[in-house]
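The values are calculated or read from the model by the stated rules, or taken from the named source; none is laboratory data. Quick caveat: nothing in here was measured; it's all calculated off a predicted structure. Here the Cβ positions follow ideal geometry from the backbone for every residue, glycine too, while neighbour counts run over all protein chains shown. For accessibility, only protein heavy atoms count, side chains too; no ligands or nucleic acids. Shrake-Rupley method; radii C 1.70, N 1.55, O 1.52, S 1.80 Å.
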Amino acid sequence: MELTSLTIDSARSAIQERKTTAVSLAEWAYRKIESDDPTIGAFITLSKERALAKAAEIDEMAKKGEKLAPLAGVPFGIKDVMVTRGVRTTAGSKILGNYLPPYDCTAVARLETAGAVVLGKMNCDEFAMGSSNENSAWKPVRNPRDISRVPGGSSGGSAAAVAADMALATLGSDTGGSIRQPASFCGVVGLKPTYGRVSRYGLIAFASSLDHIGPLTKTVKDAAIVLRTIAGQDPMDSTSVGPAVPDYVADLEKPVRGLKIGVAKEYFGEGLDREVRAALEAAIQKLAELGCEVVEISLPHTKYAVPTYYIVATAEASSNLARFDGVRYGHRASAARTLSEMYRRTRDEGFGAEVKRRIMLGTYVLSAGYYDAYYLKAQKVRTLLTRDFDQAFQRVDAIVTPTSPTAAFKLGEKVDDPLAMYLADIYTVTANLAGIPGISIPCGKTSEKLPIGMQLLGKHFDEATILRLAHAYELAEVQN
Ligand code: GLN
C-alpha cells in the first residue's frame, strides 16, 4: 500500500486487518523520501533502525491478532526541535549539529507508546524562528505544491512531508504560527492546542510562554487522533494542566448546527490578498449553510499583536538560548584562550543571523533602561489581546480567520526584509499570546493552484469545538 491513499485511521486498520504491514509502510515511506526528499528537503535526520524495529513489533502484534493502538504502524515525522533519545536533534542549528539527546520528548514518547513509527526528524527554521524555513542552518525546504515556493515555517519540513506523502503525520511546534501557517501553505491540516494542553517536556525552548506542540495531518480526524494521544498533564512539565482530555475523535460527529461563529473585521483588513479573502468568504458561507450562525465581532487590539509578539518572543528567546554556551551542549569553539572568548566564539559560530537578531532584540527589550517601555508594556498589551478574545467568546463558540494574508511566497522573496516576514504573522500570533487553540485547514486554492488556509480559533481547552467545525467543513468540501 502507498501512503498516498492512506490516513492515520485507514493505515492502522489496514495493518490490523493484515492488508498491509507496518514494515512495508515504513519501507514505502523511506523509498519516497529517497526519491523526493533531495528536492523537497523535509528531513534532517532519518531514524531507520528505530522505525523498522518499532514497525516489526507492531506487525508481530497484528500477526497474533492483538488489538492495535490508535497510531499503530503510522509513519510519523518529528520536528527537529523535539528531543529523541539517541537520534540527532539539531533544532535546525549548527550549535546542536551533533547533539544526541539522552531522553525522549513526552509527546514523542506518547506517540510511540500508541504505536507510531518515527521515520526521522523534520527540517525547520533555526530554533523555530522564522516563517519560511529559509532560516534552517542545513537547507531550505521547498513547497511540494510548487517547488519554487516556501513551505512556510517554522515547521516547514513537517508540513511538506505530509503534503508530499513522505509521512502520514508529523509533529510541529507553534510559538507564533509555526504549525498553522506551514499547514496552510502546503494544503494540510495543522492544529495548535491550548497552552498547557500538551506537555512541552523535551521541546527545545524558543519562547516558553508561547511554545506549543501539535500535529500536522492530512485530515481533521487524524489531527483529533494525534491530539487525543499527546494531550494531558505531564509531571515533567509544570505548565501542562489537567482538565480531562475529551475523546476528540468521538466528538467530531456532534452536530455543528446552531454553533455561533465570529468574524472579526480586524482579520479582513488591509494586506489581505484578494484571492485569500474570496476563499474565506466562500468558506464562511459554507459554514452558514451547515447551520452555523455567523456573528460579526471585533478584536480591537489586533493591530498591536505583531509588535507585542516580537517583544515577548525575543525576550524569552534571549533568556532560553543563554544555555547554549559551548559547555553543556553541542558545538564548542576551538582555539579560544579564555572562558569568555570560548562563549563568544561558540555562539558566533553556532548561531545563524536570524537567531542573533532575536537574541539582540530580546536582550535590548529586557535591559534595565528599556524594560518598562518595551517588555512590561508588551505584557500589558498581551493582557488586552487576551481580554479581546475572552469578550468575543462570550458571544461566539469559535472565530474564523484566514491563516495567513497570502498563499505561499517564492523562496528568497522575503529573506532580505525581516519586517515584512514578521508582519505576515499577523493572524497567527494572537492565539499564542492568548493561549487559545487554533486549527488551519485547507479552504480552496489561488488561481496559481496554491493552497489557502482557513483558521478556526476556540476557547481555552475547547479544541473539541474547532475540530468538530473543521471536520464538518472538510466533509462538506469533499462532497462538493
Ligand atoms: N514566524 C514566527 C516567528 O518567526 C513564529 C515562529 C514559530 O511559531 N515558531 O517567530
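Among the listed residues Ser154, Ser184, Ser158, which satisfies the condition of being at pLDDT 95 or above, crowded, with 24+ Cβ neighbours inside 10 Å and in a loop (DSSP other than H, G, I, E, B)?
Values: Ser184 fails: in a loop (DSSP other than H, G, I, E, B); Ser158 fails: in a loop (DSSP other than H, G, I, E, B).
The match here is Ser154.
Restricting attention to the stretch 320-330, report how many residues are open to solvent by 60 Å² or more (accessible area, probe 1.4 Å), under 13 Å from Ser93 (Cβ atoms) and either part of a loop (DSSP other than H, G, I, E, B) or among the acidic types (Asp, Glu) (or both).
1
Specify the residue that is farthest from the ligand (Cβ to nearest atom); the eligible residues are those in the stretch 113-131 that are within 13 Å of the chain's Cα centre (by Cα) and of a type in the set (S, T, N, Q).
Filtering the stretch 113-131 for residues that are within 13 Å of the chain's Cα centre (by Cα) and of a type in the set (S, T, N, Q), the one farthest from the ligand (Cβ to nearest atom) comes out as Asn123.
In the stretch 339-358, what residues are surrounded by fewer than 22 Cβ atoms within 10 Å (Cβ to Cβ), closer than 21 Å to Glu316 by Cβ and not hydroxyl-bearing (Ser, Thr, Tyr)?
Arg347, Gly352, Ala353, Glu354, Lys356, Arg357 - these are the residues of the stretch 339-358 that are surrounded by fewer than 22 Cβ atoms within 10 Å (Cβ to Cβ), closer than 21 Å to Glu316 by Cβ and not hydroxyl-bearing (Ser, Thr, Tyr).
Helices (runs of 4 or more DSSP H) wholly in the stretch 340-428 with at least 3 residues that are more than 16 Å from the ligand (Cβ to nearest atom) - which ones? Steps first, please.
Details: elements: 353-366, 377-395, 418-423.
Counting at least 3 such residues, we get 353-366, 377-395.
Taking the condition in a loop (DSSP other than H, G, I, E, B), at negative phi, among the β-branched types (Val, Ile, Thr) and surrounded by 24 or more Cβ atoms within 10 Å (Cβ to Cβ), does Thr239 pass?
Values: in a loop (DSSP other than H, G, I, E, B): yes; at negative phi: yes; among the β-branched types (Val, Ile, Thr): yes; surrounded by 24 or more Cβ atoms within 10 Å (Cβ to Cβ): no.
It is false that Thr239 is in a loop (DSSP other than H, G, I, E, B), at negative phi, among the β-branched types (Val, Ile, Thr) and surrounded by 24 or more Cβ atoms within 10 Å (Cβ to Cβ).
If you check every pair at least six apart or on different chains, which have Cβ atoms under 7 Å apart with a residue in the stretch 439-455 that is open to solvent by less than 20 Å² (accessible area, probe 1.4 Å) first and a residue that is part of a loop (DSSP other than H, G, I, E, B) and charged (D, E, K, R) second?
Filtered contacts from the stretch 439-455: Leu450/Arg145; Pro451/Arg145.
Only one residue in Asp397, Asp462 is crowded, with 21+ Cβ neighbours inside 10 Å and either within 24 Å of Asp247 (Cβ to Cβ) or β-branched (Val, Ile, Thr) (or both), so which one is that?
Of Asp397, Asp462, the one residue that is crowded, with 21+ Cβ neighbours inside 10 Å and either within 24 Å of Asp247 (Cβ to Cβ) or β-branched (Val, Ile, Thr) (or both) is Asp397.
Just one of the numbered conditions (1) among the acidic types (Asp, Glu); (2) touching a helix residue (DSSP H, G or I) at 6+ places or on another chain (Cβ under 9 Å); (3) within 25 Å of Gly187 (Cβ to Cβ) is not true of Asp237; which one?
Status for Asp237: all satisfied but (3).
Please state which one of Arg200, Arg257 is among the charged types (D, E, K, R) and buried (at least 20 other Cβ atoms within 10 Å of the Cβ). Please lay out each step first, then the result.
Values: Arg257 fails: buried (at least 20 other Cβ atoms within 10 Å of the Cβ).
Arg200 is the lone residue from the list that is among the charged types (D, E, K, R) and buried (at least 20 other Cβ atoms within 10 Å of the Cβ).
Got a number for residues in the stretch 161-178 being among the small types (Gly, Ala, Ser), open to solvent by less than 10 Å² (accessible area, probe 1.4 Å) and outside any loop (DSSP other than H, G, I, E, B)?
Selection size over the stretch 161-178: 4.
Among the residues of the stretch 67-121, what is the count of those that are in contact with an Asp or Glu (Cβ under 7 Å, 6 or more places away or on another chain), assigned to a loop (DSSP other than H, G, I, E, B) and open to solvent by less than 20 Å² (accessible area, probe 1.4 Å)?
6
Can you tell me which residue within the stretch 207-220, out of those that are more than 13 Å from the chain's Cα centre (by Cα) and within 16 Å of the ligand (Cβ to nearest atom), is surrounded by the fewest Cβ atoms within 10 Å (Cβ to Cβ)?
From the stretch 207-220, those more than 13 Å from the chain's Cα centre (by Cα) are 207-209, 218-220; that's our starting set.
Of the ones still in play, those that are also within 16 Å of the ligand (Cβ to nearest atom) are 207-209.
Numbers: Ala207: 24, Ser208: 14, Ser209: 16.
Across the stretch 207-220, the extreme among qualifying residues is Ser208.
Filtering the stretch 132-150 down to residues that are open to solvent by less than 10 Å² (accessible area, probe 1.4 Å) and away from the ligand (no atom under 12 Å from the Cβ), which residue is nearest to Ala317 (Cα to Cα)?
Of all residues in the stretch 132-150, those open to solvent by less than 10 Å² (accessible area, probe 1.4 Å) come to 132-133, 141, 143, 150.
This time we only want the ones that are away from the ligand (no atom under 12 Å from the Cβ), so: 141, 143.
Working: Val141: 23, Asn143: 27 Å.
Among those that are open to solvent by less than 10 Å² (accessible area, probe 1.4 Å) and away from the ligand (no atom under 12 Å from the Cβ), it is Val141.
Quick check: anything in the stretch 91-103 aromatic (Phe, Trp, Tyr) and touching a Ser or Thr at 6+ places or on another chain (Cβ under 6 Å)?
Within the stretch 91-103, one or more residues are aromatic (Phe, Trp, Tyr) and touching a Ser or Thr at 6+ places or on another chain (Cβ under 6 Å).
Could you list, in sequence order, the residues of the stretch 1-42 that are under 15 Å from Lys218 (Cβ atoms), part of a helix (DSSP H, G or I) and among the charged types (D, E, K, R)?
Correct list: Asp9, Arg12, Lys32.
Looking only at the stretch 151-197, count how many residues are among the basic types (Lys, Arg) and touching a Gly at 6+ places or on another chain (Cβ under 6 Å).
Taking the stretch 151-197 and keeping what is among the basic types (Lys, Arg), we get 180, 192, 197.
Checking which are touching a Gly at 6+ places or on another chain (Cβ under 6 Å) leaves us with 180, 192.
Adding up the residues that qualify gives 2.
Sort through Ala288, Ala279, Ala250, Ala223 and tell me the only one that's free of Cβ contacts under 8 Å to residues at least 40 places away in the same chain, open to solvent by less than 50 Å² (accessible area, probe 1.4 Å), over 30 Å from Gln379 (Cα atoms) and not in a loop (DSSP other than H, G, I, E, B). So that I can check it myself, show each step before the final result.
Details: Ala279 fails: free of Cβ contacts under 8 Å to residues at least 40 places away in the same chain; Ala250 fails: open to solvent by less than 50 Å² (accessible area, probe 1.4 Å); Ala223 fails: free of Cβ contacts under 8 Å to residues at least 40 places away in the same chain.
The unique qualifying residue is Ala288.
Leu467 fails exactly one of the following numbered conditions: (1) within 25 Å of Val226 (Cβ to Cβ); (2) part of a loop (DSSP other than H, G, I, E, B); (3) not hydroxyl-bearing (Ser, Thr, Tyr). What is the number of that condition?
(2)
Considering only the stretch 151-193, state which residues are touching a His at 6+ places or on another chain (Cβ under 7 Å), within 13 Å of the ligand (Cβ to nearest atom) and of a type outside the set (Asp, Glu).
Ser173, Lys192, listed by residue number.
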